[in-house]
Amino acid sequence: MLQRMRIVGGARLEGEIAISGAKNLALPALAAALLTDAPVILSNVPRLCDINSMLCLLDFIGCDIAHRDAHTLEIMLKDTKCTEAPYDFVRKMRASILVLGPLVARFGHAKVSLPGGCAIGARDVDLHIKALELMGAKIELDGGYINAIAAKGLCGCDISFPIVTVTGTENVLMAAVLASGQTRIINAAMEPEVVAFCDLLNRMGAKISGQGTSVLVVDGVKTLGGAEFDISPDRIEAGTYAIAAAVTGGRIRLKNCRYDDLTVFFDTLRETGVCCERNRGDVIVSRGEHDIRPCDVNTAPYPGFPTDLQAQYCVLMSVCSGAAAVTETIFENRFMHIPELARMGATISVHGKTALITGVKKLIGAPVMATDLRASVSLILAGLIADGETIVNRIYHLDRGYETLEQKLSSCGANIQRMAGQR
């Protein structure tokens, strides 16, 4: 049974929200358990559909998975049943491609289905494949699968990405830590999740330097051990709830929010007239009665404005006191929320990579359709400020990336509830 979300707008959100662990760190951290026979213990793991999908895949490969508590997992690869990631697992989540690097590095072969995931544009795995080929793997694409073989192991080399790729960087890192010799990853992703992931791998015995820069240097080792690791808070979730406070004219304390991971984002919010205050490890976001000022943004790889917050920011600009341009430079199909916002009264037109937004005084509740994870939550935010009732259909996307979203928003005064939908 498909589910939908019902929101009645108009409530000013006030309260506090605890930020969950970062999905985009937890997923590669889970894949890293394939690199060792020792247990990898991860705490602050969010309870999400994408996490469950990765755990099912790891179980299929041969990992023992123990739940120490609701957010702590112990993963241990005791008996490798196979080195395959079948289509039925991978089609649900493109991050499943992250098992490719560790399987080839450790076992010399892997068969991984080409991935699925949100339909927000081309996110080709070509960069992953080409990098592994440079490291000595022989790769064939056959029947929708990537067949990779490195019978004599992988060899370190220089890998220069033509564009920044987060999962590509993470996959190559996992391949390089067990490769012979030194690997340099040039134009590597600098996202906080990648920096933290390097920390996990180093705790397991890897030798990685250059974290936080565009060049990562990996000196391969023969084996890795286990580690205990705490998943850092999700900066995209934090940014989403920050916009919830801003757009409703409320005040929300974001518990366990790392301000420095979102500096450009918070600076942008300040330009719109929103107050963003650090407070003992938390961030307090508030707006009050004054209007939202327009502010143009261009998405960019870290440390730029996150593409994963673009859709949410469009909602804020849809009720600003003027006009703003939001330019998407990462994914070409990441404006699929725009027609749905227009159904709610937003004045937005798309010209190539740029959405031109003229603020309106109010949005109107309407039935809308979610197309991907971030588009889904942007429609929830729109519903929070719309007159009347908004029904967001196909909300299964939400559960891939937001833990207990309706409970967190309800605790701050939102009128929101999950409902059964049509089959």
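Observations, loosely collected:
- Within the range 208-231, being farther than 16 Å from ALA32 by Cα and surrounded by 20 or more Cβ atoms within 10 Å (Cβ to Cβ) holds for one residue alone: LEU216.
- Checklist (1) more than 20 Å from ALA179 (Cβ to Cβ); (2) touching a helix residue (DSSP H, G or I) at 6+ places or on another chain (Cβ under 9 Å); (3) in a loop (DSSP other than H, G, I, E, B); (4) of a type outside the set (Lys, Arg) applied to THR80, failing item: (1)
- Some residue of the range 146-161 being in contact with a strand residue (DSSP E or B) (Cβ under 7 Å, 6 or more places away or on another chain), modelled with pLDDT under 95 and buried (at least 18 other Cβ atoms within 10 Å of the Cβ): yes
- Unique match (being farther than 25 Å from ILE51 by Cβ, in contact (Cβ under 8 Å) with a residue 60 or more places away in the chain and buried (at least 17 other Cβ atoms within 10 Å of the Cβ)) among ARG235, ARG251, ARG258, ARG287: ARG251
- Filtering the range 81-113 to residues that are in contact with a Lys or Arg (Cβ under 9 Å, 6 or more places away or on another chain) and either surrounded by 17 or more Cβ atoms within 10 Å (Cβ to Cβ) or in contact (Cβ under 8 Å) with a residue 40 or more places away in the chain (or both) leaves THR83, GLU84, ALA85, LYS92, MET93, ARG94, ALA95, LEU103, GLY108, SER113.
- Residues (touching a Lys or Arg at 6+ places or on another chain (Cβ under 8 Å) and either among the small types (Gly, Ala, Ser) or assigned to a helix (DSSP H, G or I) (or both)) located in the range 406-419: GLU406, GLY413
- ILE380 vs. criteria modelled with pLDDT of 95 or more, under 21 Å from PHE265 (Cα atoms) and in contact with a Cys (Cβ under 8 Å, 6 or more places away or on another chain): no
- Criterion: closer than 23 Å to ASN202 by Cβ and touching a helix residue (DSSP H, G or I) at 6+ places or on another chain (Cβ under 6 Å) - qualifying residue of LEU73, LEU13, LEU27, LEU57: LEU27
- Residues of the range 199-226 that are among the polar types (S, T, N, Q) and part of a helix (DSSP H, G or I): ASN202 alone.
- In the range 339-378, the qualifying residues are those that are touching a residue at least 60 places away in the same chain (Cβ under 8 Å) and either in contact with a Gly (Cβ under 8 Å, 6 or more places away or on another chain) or in a helix (DSSP H, G or I) (or both), and the one that is nearest to PRO294 (Cα to Cα) is GLY359.
- For the range 132-143, a residue qualifies if it is small (Gly, Ala, Ser), touching a strand residue (DSSP E or B) at 6+ places or on another chain (Cβ under 6 Å) and closer than 24 Å to PHE89 by Cα, and exactly one does: ALA137.
Per-residue answers, yes or no, for (1) under 30 Å from ILE149 (Cβ atoms); (2) modelled with pLDDT under 95; (3) crowded, with 24+ Cβ neighbours inside 10 Å:
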position: ARG12; (1), (2), (3): no, no, no
position: ALA18; (1), (2), (3): no, no, no
position: ALA26; (1), (2), (3): yes, no, yes
position: LEU55; (1), (2), (3): yes, no, no
position: ASP79; (1), (2), (3): yes, yes, no
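- Scanning the range 409-423 for residues that are surrounded by fewer than 24 Cβ atoms within 10 Å (Cβ to Cβ) and at pLDDT 90 or above yields SER410, SER411, CYS412, GLY413, ASN415, ILE416, GLN417, ARG418, MET419.
- Every listed requirement among (1) crowded, with 18+ Cβ neighbours inside 10 Å; (2) of a type in the set (A, V, I, L, M, F, W, C); (3) farther than 27 Å from ASP260 by Cα is met by ALA323 save one, (1).
- Residues satisfying the stated conditions in the range 280-300, i.e. at pLDDT below 95 and on the phi < 0 side of the Ramachandran plot: GLU289, HIS290
Here's the yes/no breakdown for (1) within 23 Å of ASP234 (Cβ to Cβ); (2) assigned to a strand (DSSP E or B); (3) β-branched (Val, Ile, Thr); (4) in contact with a His (Cβ under 8 Å, 6 or more places away or on another chain):
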| residue | (1), (2), (3), (4) |
| --- | --- |
| ALA105 | no, no, no, no |
| VAL112 | no, yes, yes, no |
| HIS128 | no, no, no, no |
| ALA131 | no, no, no, no |
| ALA151 | no, no, no, yes |
| GLY168 | yes, no, no, yes |
| ASN171 | yes, no, no, yes |
| ALA175 | no, no, no, no |
| PHE197 | yes, no, no, no |
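- Any chance ASP59 is under 20 Å from TYR87 (Cα atoms), exposed (fewer than 15 other Cβ atoms within 10 Å of the Cβ) and of a type outside the set (S, T, N, Q): yes
- Of the residues HIS351, HIS337, the single one that is at pLDDT below 95 and crowded, with 21+ Cβ neighbours inside 10 Å is HIS337.
- Qualifying residue in the range 392-405 (condition: part of a strand (DSSP E or B) and more than 20 Å from LEU309 (Cβ to Cβ)): yes
The values are calculated or read from the model by the stated rules, or taken from the named source; none is laboratory data. None of these values were measured; they are calculated from a predicted model. We place every Cβ from the backbone using ideal geometry, glycine too, and count neighbours over all the protein chains shown.
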